[in-house]
1. If I ask for residues that are of a type in the set (D, E, K, R), within 17 Å of residue 177 (Cβ to Cβ) and in contact with a helix residue (DSSP H, G or I) (Cβ under 8 Å, 6 or more places away or on another chain), which ones from the range 1-53 would you list?
2. Name the pairs whose Cβ atoms lie under 8 Å apart, with the first residue in the range 11-31 and within 16 Å of residue 165 (Cα to Cα), the second among the β-branched types (Val, Ile, Thr) and not in a helix (DSSP H, G or I), and 6 or more positions between them or separate chains?
3. Take residue 183 and tell me if it is closer than 19 Å to residue 44 by Cβ, modelled with pLDDT under 85 and of a type in the set (Asp, Glu).
4. Starting from the range 54-76, take each residue that is under 25 Å from residue 11 (Cβ atoms) and list its partners that are surrounded by fewer than 16 Cβ atoms within 10 Å (Cβ to Cβ) and acidic (Asp, Glu), counting only C-beta distances under 8 angstrom and pairs at least six apart or across chains.
5. With respect to the numbered conditions (1) loosely packed, with under 15 Cβ neighbours inside 10 Å; (2) more than 21 Å from residue 299 (Cα to Cα), which one is the sole condition not fulfilled by residue 242?
6. Residue by residue through the range 82-123, note down the ones that are of a type in the set (D, E, K, R), under 15 Å from residue 140 (Cα atoms), surrounded by 13 or more Cβ atoms within 10 Å (Cβ to Cβ) and in contact (Cβ under 8 Å) with a residue 12 or more places away in the chain.
7. Taking the range 80-104 on its own, how many of its residues are modelled with pLDDT under 90 and not in a strand (DSSP E or B)?
8. If you check 214, 187, 203, which single one turns out to be out of contact with any strand residue (DSSP E or B) (no Cβ under 7 Å at 6 or more places or on another chain), farther than 17 Å from residue 6 by Cβ and of a type in the set (A, V, I, L, M, F, W, C)?
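The values are calculated or read from the model by the stated rules, or taken from the named source; none is laboratory data. Just so it is clear, the structure is predicted and the values come from calculations on it, not from any experiment. Using ideal geometry, Cβ is built from the backbone for each residue, glycine included, and neighbour counts are taken over all protein chains shown.
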Amino acid sequence: MESEALNAFKANISKVMVGKADTIQLLLVSLIAEGHVLIEDVPGVGKTLVAKALAKSMGGVFKRIQFTPDLLPADITGFNVYNRETGSFSFQPGPVMANVLLADEINRTVPRTQASLLESMEEGQVTVDGKTLQLPKPFFVMATQNPIELEGTFPLPEAQLDRFLLKISLGYPDGEDEIEILERFQIGDPLLDLEPVVTPQDIGAIQKKRRQIIVSRPVKAYIADLVRSTRENPHFRFGASPRGSLGLMRASQALAALLGRDYVLPDDVKQLAIPVLVHRLILKDQEKLKGVTSAEILKTILNTTPVPVHVQP
């Protein structure tokens, strides 16, 4: 039943997003794994569209924050307003009170405001004036940043990058897909006709089921070997932390659930290693000057790390 619901969820988003099956799958992996996604891409490739489609497909609340240098933490979390008539304060919830939150151009705002998302992303709650409030469930953050305009930006610190389960890119469509986009949007907006196919409660149930997906000891050892290799690799100043290991395991469980399996295969781990780990690695300065990328080194690690053979439960 969960597999059918997930397939319907994925197909529904594909009605709006053309030719991005792999990207949609990664977004659902992050959602099922109770993680968050950082999308680094140029403007106009459909980041806002896919976030809205995901929220509509599960009948959830969608909110968007346009990050700017003058944005305050209270603009995200909400604030208390004094009512003169009643002599009391009432809480005005911020956009963080949503099922799907699009944090647009998160590198456009100052670190203090960026950090205000940390508690929400990690703990599923916000604290305003000493009072802690739970966020809706599921709670899913899609943050975007523009890689081509660096003036006036504030690069995300490593502590915040590590909070994102995946870092992905949508990329440009190919020729046929772009023609299909033109045809679909010629008369109207497919997003307007999109109907929910699951509920937030369905997603919550699937998230709980994901934790029961079997990860055999050989697969856990494979994950540990990959992560340890990033720490020992001479090209990196810092490798992935234990949070990276946990993230890779959770994401692999989610991918197995999407594919209708109740156990994780090494191929699941291998498929997700780069989007889960690439943003958690810090290259040495001399490697950056040579034009080496973390993704290239990760590919080498994946090609040289022995893969377990007998892993099925």
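1. Within the range 1-53, 10, 15, 20, 41 qualify.
2. Qualifying pairs under 8 Å: 23/168; 26/37; 26/168; 27/37; 27/168; 30/37.
3. No; evaluated as a whole, the condition is false for this residue.
4. From the range 54-76, the pairs are 56/195.
5. The number of the failed condition is (2).
6. 104
7. 5
8. 187
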